[in-house]
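Colleague: Input: one structure, supplied below.
The values are calculated or read from the model by the stated rules, or taken from the named source; none is laboratory data. Since the structure is predicted, the reported quantities are computational estimates derived from the model, not experimental observations. All Cβ positions, glycine included, derive from the backbone under ideal geometry; neighbour counts span all protein chains shown. These area figures cover heavy atoms from the full protein model, side chains too; ligands, DNA and RNA do not enter into them. Shrake-Rupley method; radii C 1.70, N 1.55, O 1.52, S 1.80 Å.
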Amino acid sequence: MVILRKIFALLLLIGWLIGGISVAYAQNTSVPLALSAKVEGGDEDMSITLIFDRKVDMVPQLLNHPWRLVLDFERLGFGFEIDQKDWSGFASDMRWGDMSDVNSRIIFEMDKPFRIAEVKAQENKGNNTFSLTLSLKQSDSDTFNAAMIDNMRTNAVVQRDTKSDRLGASSAPAVSKKFTVVIDPGHGGIDSGAVGRHQTLEKEIVLAFAKELKKKFDTEGNVEAILTRDSDVFIPLNDRVQFARQSNADLFISIHADSIRENYVRGATVYTISDKASDRVAASIAESENRADEIGGINFADEPEDVADILVDLARRETLGFSVQFARLAVSKLQEETKMINNPHRHAGFRVLRAPDVPSVLIELGYLSNAEDEKQLKQASWRAKIVNQIAESVSRFAELSGRRLSVANEKE
């Protein structure tokens, strides 16, 4: 996968140089294309130079834990691969991707606190490109934090389009008379999630599965299925939770395929929320999933102050009982068609499951760190069987909870 992406990026660049291929991004000709990134410098100062095929506007942000430079743009195409062996300076990592249908983001992680000394934008008439050069200087933690706070105050919420736009909807979903399930494909956009031993991306696998599950419900017509995302975009964890609540969901299912150090561990798992993890693996998975906002460059200060209270109090709410009920149904059906992990119903403090009034589960389809699971996750026939089992679980849960399965049933 990595080799193919590098070849693709090289072809784009060669085509741009010789005029044989349009400089526009292959998947979206209307957006600017990021052509290359150069990182150079020393221990005290460094520069980052980004080259685009046309003029772009950029808004920088600073985030700590770890120290990060976050660059927000309107939607971009990405036509480069970065080889960190060519880097010099104190940048340690770089990632990029879409934050919504209209915004993209590039993030640089740093080994030390820094300040932005200068930002230079330049049109390169010789080759019809546009460059952005950011000069950075080493700083100290107090100076960095003060600059970060000042930056937040100045920019407020940078490049934040409306929630409905981020979720691919023109308005909040209408209240449905049908039993409503919100299906949440984990990760997306700048957050790739786990990467399999053969370079399989979690965000792609779970999106494909979620679409197949929604299609199943749409075909049968007795359950209203809504996706939190239907394309490769990033959605903050809190937005996924709020989307389920605003959709008046009767059930929220977050779909994942994680990676863990113990590559011998394989099989499906169904998680519910708890302030205390059931075991070490559950705790590790929850910690990994809860870092999604950090990977996407989201400031935790944006989160509601009652997150911790919800995690502590949710066990006393009726909602958790319904979540556990569905988890047991799902485990019962899934184990008819696929291998399950030992003790397949587990629990931990997953932030994406914290809706106080929507029964919520997180389903690990398998572990990309395991070669057999990775192979299985890529098989359409296996996914179809699992789709059927989850769909049956949802229908049974709807019946047990006394909710309407269809408008037709209501008339009867």
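Colleague: Heavy atoms of the protein only, probe of 1.4 Å, neighbouring chains included. What is the accessible area of HIS198 in Å², nearest 10?
Modeller: Number for this one is 120 Å².
Colleague: Using a cut-off of 12 Å between beta-carbons, work out the net charge of the residues near VAL361 (Lys and Arg +1, Asp and Glu -1, VAL361 not included).
Modeller: Around VAL361, the surrounding residues sum to 0.
Colleague: For LYS85, which lysines qualify as cross-link partners when the Cα separation must be under 24 Å and same-chain residues fewer than eight apart are set aside?
Modeller: By straight Cα distance, LYS85 reaches LYS6, LYS38, LYS112, LYS137.
Colleague: In nanometres, what is the gap between the two model label sites at ASP279 and SER381, each 7 Å from Cα along Cα-to-Cβ?
Modeller: Roughly 3.0 nm, to one decimal.
Colleague: In addition: If you take every residue apart from ILE190 with its C-beta less than 9 Å away from the C-beta of ILE190, what net charge results, scoring Lys and Arg +1 and Asp and Glu -1?
Modeller: 0
Colleague: If you plug each phi of the stretch 331-344 into the Karplus form 6.51 cos²θ - 1.76 cosθ + 1.60 with θ = phi - 60°, what whole-Hz ³J(HN,Hα) values come out, in order, with x for Gly and Pro?
Modeller: After applying 6.51 cos²θ - 1.76 cosθ + 1.60, I find 4, 4, 6, 5, 5, 6, 10, 8, 6, 10, 5, 4, 6, x Hz.
Colleague: Something else: With θ taken as phi - 60° and the coefficients 6.51, -1.76 and 1.60, list the Karplus ³J(HN,Hα) couplings across the stretch 248-265 in order, rounded to whole Hz; mark glycine and proline as x.
Modeller: 6, 5, 8, 7, 10, 10, 9, 9, 9, 8, 7, 10, 10, 5, 7, 6, 7, 6
Colleague: While we're on this one: In terms of modelled amide H atoms, which long-range or inter-chain residues lie less than 5 Å from the amide H of ALA34?
Modeller: The list, which skips near neighbours in sequence, is GLY77, PHE78, GLY79.
Colleague: Full extension from GLU337 to GLN325: what is 0.36 nm times the residue separation minus their Cα-Cα distance, to one decimal in nm?
Modeller: Gain on stretching GLU337 to GLN325: 2.3 nm.
Colleague: Turning to a different aspect of this structure: Show me, for the stretch 221-238, the HN-Hα J-couplings you get by feeding each phi into the Karplus relation (A = 6.51, B = -1.76, C = 1.60, θ = phi - 60°), rounded to Hz, glycine and proline as x.
Modeller: In residue order, the calculated couplings are x, 9, 10, 8, 10, 10, 8, 5, 8, 10, 8, 7, 10, 8, 10, x, 4, 4 Hz.
Colleague: Residues with amide H under 5 Å of TRP67's amide H, sequence separation 5 or more or different chain, H placed in the peptide plane at 1.01 Å from N; which?
Modeller: Answer set, sorted by chain and number: MET110.
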